[in-house]
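The structure under discussion is supplied below as structure tokens; questions concerning it will follow.
Each reported figure results from applying straightforward, stated rules to the coordinates on display, with no laboratory input. Just so you know, these numbers come straight off a predicted model, no measurement behind them. Note that we place each Cβ from the backbone using ideal geometry, even for glycine, and neighbour counts take in every protein chain shown.
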Amino acid sequence: MHKEQDLSLLHITAQYVAEVQAGRQPRLSDYLARYPRYADAIADFVAYYHAVEEAVPSMDAIGTMTTLLTTATGQRLLPSQLAAELDLTIDVILLLEQRAIAPATIPHILCEQMATLLQQPSTVVQEYLGSLDQRQSGSAVQKRKQQMKIAEEGADYPASSVVDKPSFRAIVETSLQLSAEQRSRWCAMLDAEGI
Amino acid sequence: MDMGVVERRTALAEMYSTLPPYASAAFWCAVEDPTLPLEILVKILRAAITSGDEQGRRRILEWIILRTQAMNLLWAQRVLQMLSLQVDERSVLARDLCADLHECMMRALTDSERLFWEENFLHCLYFERKHVYRSFLMREGLWYKPSASRGMRIPRALVASLDCLLQPPNHDHLPLEIEDEGVQGMFLSVERSDLLQTVLCLPDKFKAVILLIFWEGRSEKETAQILSVSDRTVRNRLQGALAVLRSVLSSDNEGYFDA
């Protein structure tokens, strides 16, 4: 596609997404009728957006990076130093900071070490790591996970389900920065804790 | 232009202009502030590239990747959730997906001609992820796996339409629209969320027609009007989509459709 057309398509689809995110339920037909030149590309994006992206939490929903790193800074610990002290790497620290890891899968020993380093009660650390999960739990999520039938009206339900947060083990296994030794050490700890 | 877009552009421009002098300590503090919009980071990254600051380029690029990593990982998980995979396959593929995405992101972020990244980072990321998603499925031979279960109940809209035919409101002339029952039946039997995934596997020219009819509930006639094409074209595209769907469904678990 030509660069100018590409930019136009980005503007059009961004407008569609903005409407969806504002809760306005835009009609695809309006967009297709208004921009016939881009009909195929718009339909392609809309299908992808509702099938995949709508269920992925935005950065705001994942959590803003404040508490964990701010507390560490208060203890004169840079993020890289905190990571080194915990035998982790910065990518995992940022995921912990963003509370993007399923809290039940985080090893107890890590919470304890973190609490010691940050000079906080371990319950405070555990609460911080699990707080987003509490917000997302409950019937609202279950309702969103319900499978809907095509014959029902689209306005009544979302087309996609909510994504579960990755486990600590999955993060350790997929981290691009952790060394093989660190990975095996953490896996052994997870095994020992039966997680 | 939408007022929201103009306001957003102005706010970003103002934020960019108030940044401390480039490469100063205060500048790096501002850059690594997690609340700084990613659009500003892209602009700074491109300024670093223009000025030939290789170290700065790397540092900013790394920071952008780190800031988006959690979200990208959730995206990879979402993509893999839609496929029938073994548990041990998932972690490996999640890693591959993220690696592919980060490579594409780096290419896009360092391309100064891709200006929309400086205006709406997240939306550009959607497109990049869409591209990676498709390439990934093609490469892995998983372009489509018909693992979705099909609904067994009779759709409410279909029942309602039958009632409508039996009891016309005023016994006047009843406009009879003959639609392809085979196509209707197949698409109506697919779960709504699965329909979107199925649509993703269709060639682009079929997508709009299928979405309008089966996702938005439009008739063939209305669809033809919206797309400014003839009724026959709509029917042909429906038939084409059906042929694809049939081949996908009949190819069992190893279904693969090459668009």
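Each residue of the range A:182-194 in order: what ³J(HN,Hα) in whole Hz does its phi give by Karplus 6.51 cos²θ - 1.76 cosθ + 1.60, θ = phi - 60°, with x for Gly and Pro?
4, 4, 5, 4, 5, 5, 5, 5, 5, 4, 4, 8, x
Beta carbons within 10 angstrom, averaged per residue: use that to sort the peptides B:25-31, A:47-53, A:86-92, highest first.
Sorting B:25-31, A:47-53, A:86-92 by mean packing, highest first, produces A:47-53, A:86-92, B:25-31.
Something else about it: Using Cβ contacts closer than 10 Å as the measure, can you line up B:Cys98, B:Cys201, B:Cys104 from fewest to most? Display every interim value, and only then the final one.
Details: B:Cys98 20, B:Cys201 23, B:Cys104 17.
So the residues, fewest neighbours to most, are B:Cys104, B:Cys98, B:Cys201.
Using the count of nearby Cβ atoms within 10 Å as a rough guide to exposure, how do B:His102, A:His108 rank from fewest to most?
Values: B:His102 19, A:His108 12.
By the 10 Å Cβ count, ascending: A:His108, B:His102.
Once phi is turned into θ = phi - 60°, what whole-Hz ³J(HN,Hα) does the Karplus curve with 6.51, -1.76 and 1.60 give for every residue of the range B:13-24, x standing for Gly and Pro?
5, 5, 4, 5, 6, 8, 5, x, x, 3, 6, 6
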